Amino acid sequence: MSNIRNSVKRHARAFPPKRRWEQDDDNDNAVVAITKETTEEEEPETFAPDGLLDEPEAPPRRRGSAARRNGSRTQQQQPPPRESAHQFPPPRTNDSEELLQSEIIDISSYGDDAPPDHEQALYPENGDNEPSNNSKYLANKTTSTNSARRQSWTSLGVGTAADEGTILVLPSLCFLVVFGLLAVALGAVGTALGIYNTIDNNQNDSKTLIGTTETAAVQNSTLDTILERGYIRCGTGPEGLPGFLLQQGNGNDDDDYAGLEMDLCLVLAAALFDGETERSSNGERRYRIVPTSFTQRFDQLAAGEIDVLFRTTYNMERNVQGGMEFSTPYFLDGMSFGGLPEHVACAEALDFNSTPTCQATKICVAEGSSHVVELSKLLQQLDPPDVAPGESMVDQVLRLEANIIDAFPDTLCQVMASEQSYLNIESIKTQGYQGPYQLGTKQFSREPISMTTRQGDPRWSDFVEWVVQALIFAEEQGITKSRSFLFEPTTIFGGNASHPHPQLANMFENAIAVRGHYGEMYNFNLQTFLPRGGMNTLNPGDSPIMFSFPLGDVNVEAPTIETSSVTVQAIKARGFLNCGVSVRKGFAEFNATQRTWSGFDVELCRAISSALFDGVDQVVFTDLPAAQRFDALVSGRVDILARLTTHTLSRDVKEPSTQTGLSFSSPYFHDGLKFGGLGTYAQCADNRDVISPECQDLRICVLEGTTILTRVQDIFQDVFIVPKLTFNEIIAALNDEQGCNAVAGGFHDVALQSIEERGYVGNEPYLVGENLFSKDPLALTTRQTDPLWSSFVRWIFWALVYAEENGINQATASDMPSTKLFGPLRTNALYHAVNAVGNYGEIYDRNFQELVPRGGLHELNVDFGPMMRALPGIALKQQS
């Protein structure tokens with residue numbers, strides 16, 4: 001017991017008060033963003049790098065230390081102060097207002113064939129907003145829901161202008177000379193910093209060189225190291241948790257363990273070594289079980305002592321500051337209280353004062369676990385205004401490095417805070433306690449438990465991720481352990497005849513063959529202790545699934561993202577975010593008359609831009625055809641794709657057209673293949689009927705270069721399919737009833753309103769089928785070579801969902817938590833994102849509610865409903 005007492009640490013960690021709008025006392029030159037007075041009807045001009053800023057705005061003013069001492073503050077200040085001490089472009093003064101008459105034309109997407117004038121870059125030749133074969137950089141004057149808070153800039157693209165093909169036309173030769181010299185000087189600095197974005201315009205040899213600090217895929221992945229070593233090392237949580245990892249026998253052999261974590265390690269070993277869990281030659285194990293402690297586990301993973309870590313909560317702190325990658329959760333849990341019944345009642349009510357029993361209540365929590373932070377958040381609510389956060393509760397919580405069950409129910413604590421999986425009565429009994437006990441009914445957090453790998457090794461992280469996906473997919477398809485042979489071989493990880501490890505071709509079959517699908521593993525290991533239900537059940541597509549992952553300790557300070565992410569370096573130097581979109585109803589629409597952008601994808605890019613530029617909307621939108629989007633991303637022509645891109649196996653690991661892996665956010669829209677058509681042809685397509693006399697001349701139009709085309713080809717023979725480059729071509733074919741009489745697409749594509757607004761005027765009535773033939777989770781897409789930028793995009797999206805979950809909207813965005821995880825310059829990033837566009841529900845209602853009414857997968861999962869749903873891309877053998 002003395003060892004336990006020595007390991008006790010008083011709880012003193014809590015979140016500091018939210019800070020908004022403060023000036024950095026150490027930065028006398030920080031710039032305050034100022035906007036001119038506007039009304040709801042008056043749209044301020046926004047950053048338009050390939051258009052003219054017709055009317056200059058008031059220059060940003062500098063506030064020095066004297067201004068702070070006097071407490072002076074301009075009334076026009078709307079956004080919070082820019083947090084960066086370095087501005088791109090530099091603050092305007094009256095002497096530099098002539099710059100506002102500059103015209104910038106971005107021709108980077110045209111290669112050597114630049115348009116004769118900038119209007120070609122602004123508008124399609126046929127006068128509508130349909131994508132063409134050439135990418136078009138269109139003016140960014142977004143339809144704003146918060147227009148009075150937006151600021152206009154003209155950027156010189158420091159360090160990147162020459163490489164991105166930007167032509168600068170100045171009305172004054174004087175300014176041309178001055179700024180030409182400035183560009184040369186800053187360009188040299190940019191080269192030294194490694195922030196050049198070099199694009200080879202040869203379409204046959206397009207490549208990107210984005211600095212030297214960008215993380216490249218490691219040459220010798222952990223995957224290769226494991227295969228050469230001959231076994232995998234699996235780091236587990238602490239021993240003694242029934243259902244997850246329980247020691248049997250004397251613990252001297254890897255087979256002396258049982259539980260879900262043991263089985264997950266076996267599954268990975270089987271996927272790696274052609275179904276073997278031990279060498280056939282000498283019986284040596286293909287796996288090693290390495291129990292870890294909560295305080296040492298991440299250090300062991302980072303040092304390479306283990307290859308994969310189980311039983312860790314996926315949160316922002318660990319992903320961003322900890323440099324860890326996480327798989328899709330294999331178990332979803334939550335923090336609860338367990339202990340002596342009368343004390344559990346006090347803890348659940350957060351009552352530590354009303355009775356002597358409550359005053360004596362002490363809570364034990366494992367040091368190094370995510371529950372320390374969650375408990376801190378709960379107790380912070382009870383701090384009086386005149387008491388420092390957490391101080392009034394400092395005697396209520398004991399943080400133990402030892403197993404918390406060892407301190408219960410001694411005088412040290414009468415209540416334990418942990419996951420329900422740890423605190424359930426069967427688990428407590430197994431660990432030796434037989435006295436009075438109660439597990440609380442409330443769940444105070446959501447804990448997505450994932451497999452964890454080191455950041456910067458995407459090949460191994462992807463391998464682990466898709467083994468988890470295979471377990472869930474197999475259960476969805478009813479493929480049990482005995483039917484694992486139904487998996488189609490894959491060469492996605494190099495498992496072909498010429499590869500050093502051809503056994504990887506059968507990784508999915510071998511993974512399922514050893515322990516079965518996810519449901520079989522759950523029933524075998526956990527059903528006795530934790531009857532399956534809630535979030536750990538399959539979601540067939542009709543239940544809410546929108547769910548923000550926990551933030552963790554947001555006050556852990558990390559290096560600034562401006563220096564740690566080379567993509568952000570390039571964006572900040574350039575002065576705007578390059579966002580690839582696809583003009584489509586509800587997602588991205590360009591009003592050629594008003595020269596404004598609107599749509600769901602547009603607003604997602606605005607949220608990310610605002611988080612980067614301190615509340616200022618600085619985005620250039622590039623309308624990309626489906627076939628060119630991945631090359632545009634990988635080559636560096638855009639920083640992010642927000643353009644109806646489905647997260648699939650091949651795109652995640654090795655996208656076919658670029659032969660490189662990509663990174664994806666959590667899905668922001670769940671789409672799927674549907675059919676629409678003229679009269680009876682809609683029913684023909686929906687019923688997959690090409691035999692009936694009225695269906696034999698069925699012709700289905702579908703966009704080239706999309707997953708929808710692949711899905712249609714799985715259903716119909718090529719003779720019934722008519723690929724088209726653009727939706728304008730599809731509408732034209734429907735109108736003349738010659739090219740096609742049906743159309744395939746997502747919900748939004750085939751909706752009657754969308755078809756009519758795109759120009760359908762045919763004589764036949766247009767109908768939409770009832771069936772859904774695929775699942776297409778659309779996600780924000782980034783390059784895999786800059787994991788910090790990918791994490792930033794991922795967590796900005798989750799911030800929009802977090803806001804809705806916590807009742808925070810655009811008007812109350814100041815309630816969003818601040819964070820130091822992206823560095824001291826980005827503390828208000830989450831606030832800026834929500835302040836720019838609102839929460840997820842607000843964005844959905846503005847753009848989709850009339851087109852695809854919100855429901856099913858797009859609803860918040862507030863009731864802890866089913867969360868298990870596999871991503872598409874794993875193939876099954878064709879059954880005769």
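Just for strands (runs of 3 or more DSSP E) wholly inside the stretch 205-295: which have at least 1 residues that are open to solvent by less than 50 Å² (accessible area, probe 1.4 Å) and modelled with pLDDT of 75 or more? It would help to see each step written out before you state the result.
Values: elements: 208-210, 232-236, 287-291.
In the stretch 205-295, the matching strands (runs of 3 or more DSSP E) lie at 232-236, 287-291.
Would you pick out the residues in the stretch 844-867 that are aliphatic (A, V, I, L, M) and under 17 Å from the mean Cα position of the chain (by Cα)?
Leu857, Leu860, Met867
So which residues in the stretch 406-424 are of a type in the set (A, V, I, L, M) and either in a strand (DSSP E or B) or without any contact (Cβ under 8 Å) to a residue 60 or more places away in the chain (or both), if there are any at all? Steps first, please.
Let us first name the residues in the stretch 406-424 that are of a type in the set (A, V, I, L, M), namely 407, 412, 415-417, 423.
Selection gives Val415, Met416, Ala417.
Among the residues of the stretch 824-846, is there at least one that is open to solvent by 30 Å² or more (accessible area, probe 1.4 Å), modelled with pLDDT of 95 or more, within 23 Å of Leu577 (Cβ to Cβ) and not in a loop (DSSP other than H, G, I, E, B)? Reasoning before the result, please.
Initial filter on the stretch 824-846 (open to solvent by 30 Å² or more (accessible area, probe 1.4 Å)): 824-825, 827, 842, 845-846.
Next, only the ones that are modelled with pLDDT of 95 or more stay: 827, 842, 845-846.
From what is left, the residues that are within 23 Å of Leu577 (Cβ to Cβ) are 827, 842, 846.
Now narrow it down to the ones that are not in a loop (DSSP other than H, G, I, E, B): 842, 846.
Within the stretch 824-846, one or more residues are open to solvent by 30 Å² or more (accessible area, probe 1.4 Å), modelled with pLDDT of 95 or more, within 23 Å of Leu577 (Cβ to Cβ) and not in a loop (DSSP other than H, G, I, E, B).
Which of (1) open to solvent by 30 Å² or more (accessible area, probe 1.4 Å); (2) touching a residue at least 60 places away in the same chain (Cβ under 8 Å); (3) closer than 23 Å to His670 by Cα does Lys820 not meet, given it meets every other one?
Here Lys820 meets the rest and fails (3).
Test each condition in (1) closer than 17 Å to Tyr668 by Cβ; (2) open to solvent by less than 30 Å² (accessible area, probe 1.4 Å); (3) modelled with pLDDT under 95; (4) not hydrophobic (A, V, I, L, M, F, W, C) for Thr782 and report the one that comes out false.
Every listed condition holds for Thr782 apart from (3).
If you take the residues of the stretch 468-491 that are in contact with a Leu (Cβ under 6 Å, 6 or more places away or on another chain) and among the hydrophobic types (A, V, I, L, M, F, W, C), which of them is least open to solvent (accessible area, probe 1.4 Å)?
Here the answer is Ile479.
Could you identify the single residue in Arg584, Arg574, Arg606 that is charged (D, E, K, R) and open to solvent by 10 Å² or more (accessible area, probe 1.4 Å)?
So the residue among Arg584, Arg574, Arg606 that is charged (D, E, K, R) and open to solvent by 10 Å² or more (accessible area, probe 1.4 Å) is Arg584.
I'd like the residue in the stretch 795-809 that is out of contact with any helix residue (DSSP H, G or I) (no Cβ under 6 Å at 6 or more places or on another chain) and assigned to a helix (DSSP H, G or I) and, out of all such residues, is surrounded by the fewest Cβ atoms within 10 Å (Cβ to Cβ).
If we take residues in the stretch 795-809 being out of contact with any helix residue (DSSP H, G or I) (no Cβ under 6 Å at 6 or more places or on another chain) and assigned to a helix (DSSP H, G or I), then Glu805 is surrounded by the fewest Cβ atoms within 10 Å (Cβ to Cβ).
Name every residue in the stretch 515-547 that is acidic (Asp, Glu) and surrounded by fewer than 16 Cβ atoms within 10 Å (Cβ to Cβ), in order of residue number. Lay out the reasoning, then the answer.
If we filter the stretch 515-547 for residues that are acidic (Asp, Glu), which is where we start, we get 520, 542.
Answer for the stretch 515-547, where residues must be acidic (Asp, Glu) and surrounded by fewer than 16 Cβ atoms within 10 Å (Cβ to Cβ): just Asp542.
Please enumerate the residues belonging to the stretch 463-477 that are within 23 Å of the chain's Cα centre (by Cα) and either of a type in the set (D, E, K, R) or outside any helix (DSSP H, G or I) (or both). Spell out how you get there, then give the answer.
Looking only at the stretch 463-477, we keep the residues that are within 23 Å of the chain's Cα centre (by Cα), and these are 463-473.
Within the stretch 463-477, Glu465 is the sole residue that qualifies.
The values are calculated or read from the model by the stated rules, or taken from the named source; none is laboratory data. Everything quoted here is computed from the prediction, not taken from an experiment. Cβ sites come from the backbone with ideal geometry, for glycine too, and all protein chains shown count toward neighbours. To get the accessible areas, we keep the full protein, side chains included, count just its heavy atoms, and leave off ligands, DNA and RNA. Shrake-Rupley method; radii C 1.70, N 1.55, O 1.52, S 1.80 Å.
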